[in-house]
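Written below as structure tokens is the structure these notes are about.
The values are calculated or read from the model by the stated rules, or taken from the named source; none is laboratory data. Treat the numbers as computed from the prediction; the structure is a model and nothing was measured. Cβ sites come from the backbone with ideal geometry, for glycine too, and all protein chains shown count toward neighbours.
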């Protein structure tokens, strides 16, 4: 196998949650471009169908599936659809669904807190569990990639629920990796710094966002394409001996106070 062959995803199937916008949309397009058949999962099915059409127009394969990671029955139904349409489980799972936060912990409501935990932590566990079962039932290896955050690794203001849930994702990744490694299933994570998405673009464009930008050693926010290398490494055979790792992609931001 050549160096470039190791990154080839032809013949692989990849599930991307939160694929209707932001990083999920970008990850799905990248994996399709690299040869994987992609399963697009999110609550907004109409957006997924539009993305699937774009991927197919470029010669790729895509299956849109409605999934709400906060609801067990929705995740189960989505995996049943995947099993009925495809001839095997997803080899690659990008656990990307997430919601943000912008409130002091003492002002965070019970409803907001629970919504963050249900999506960012329980949803990641729920999808990983279903994906792992599908791989084990088929006797196949696989790669699960959880999307954490640099806020999991260093305090960030007005983010107690978000940062706490992402810290859980970071640690869950290591526990999952140890438990499932013997079956050939790898579990790793990516911890992005600040990348503009629909969740945070208003804040990053604000005066406070500009102050944050100046504290990043590279003096800029990340571009979506700058996550491609980490994702491809973990998704492909190039990262076959990696498990339980969290890769930071943050322009050096974690080296400075957040």
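With respect to residue 123, determine if the residue is free of Cβ contacts under 8 Å to residues at least 60 places away in the same chain and surrounded by 15 or more Cβ atoms within 10 Å (Cβ to Cβ). The answer is no for residue 123. In the range 133-153, of all residues being surrounded by fewer than 15 Cβ atoms within 10 Å (Cβ to Cβ) and part of a loop (DSSP other than H, G, I, E, B), the one that is nearest to the chain's Cα centre (by Cα) corresponds to 141. Taking the range 152-167 on its own, how many of its residues are touching a residue at least 24 places away in the same chain (Cβ under 8 Å) and within 28 Å of residue 238 (Cβ to Cβ)? Looking only at that region, the number is 3. All told, residue 56 falls short of being part of a helix (DSSP H, G or I), under 24 Å from residue 230 (Cβ atoms) and without any contact (Cβ under 8 Å) to a residue 60 or more places away in the chain. A single entry from 213, 219 fulfils the requirement of being surrounded by 15 or more Cβ atoms within 10 Å (Cβ to Cβ) and either farther than 24 Å from residue 130 by Cβ or within 19 Å of the chain's Cα centre (by Cα) (or both): 213. One residue alone among 168, 191, 163 is in contact with a strand residue (DSSP E or B) (Cβ under 9 Å, 6 or more places away or on another chain) and buried (at least 17 other Cβ atoms within 10 Å of the Cβ), and that residue is 191. Scanning the range 26-50 for residues that are outside any loop (DSSP other than H, G, I, E, B) and either modelled with pLDDT under 95 or surrounded by fewer than 24 Cβ atoms within 10 Å (Cβ to Cβ) (or both) returns 26, 29, 30, 33, 37, 45, 46, 47, 49, 50.
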